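Values in this text are rule-based calculations from the coordinates and carry no lab data. All figures in this text were calculated on a predicted structure; none of them were measured in a lab. Note that we place each Cβ from the backbone using ideal geometry, even for glycine, and neighbour counts take in every protein chain shown.
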Amino acid sequence: MNKVIAGDYEGYSVVKGPKGYVLGKGFTKQVALNKQNVESYEIITEDIRKSAASGITRGIVGGALLGPVGLLASISAKNKGQYQIALQFHDGTKALIDVDDKCYKTLVKDLF
């Protein structure tokens, strides 16, 4: 939890820095998660997951059934206190982060 799971910063962690949360990889590579860097964000909700699952279901063809079924299971999974947020940065980079409740609440305030 509290990590980037997809996008340009995959493999980075979401960590609390002195001025708020950052995407970090080691001590030198850090991207601040603030209004100056983040252009927009979207909280991935159950409704969005269901919409994606519906689109995937329509795309299932013949023998490709097993792969999408596994994908549907991972899209539908949701743990309480765990959030996924899609971030779009001003420089055009993107990241999908998976964060806990404390990080989520702080980020929503910081990015509002």
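Extending each Cα 7 Å along its Cβ direction at residue 27 and residue 39, get the distance between those two points in nm, one decimal.
A separation of 3.3 nm, rounded to one decimal place.
Using the beta-carbon distance between residue 96 and residue 16 and R0 = 22 Å, what value does 1/(1 + (r/R0)^6) give for FRET efficiency, to the nearest 0.05?
Efficiency at R0 = 22 Å is approximately 0.65.
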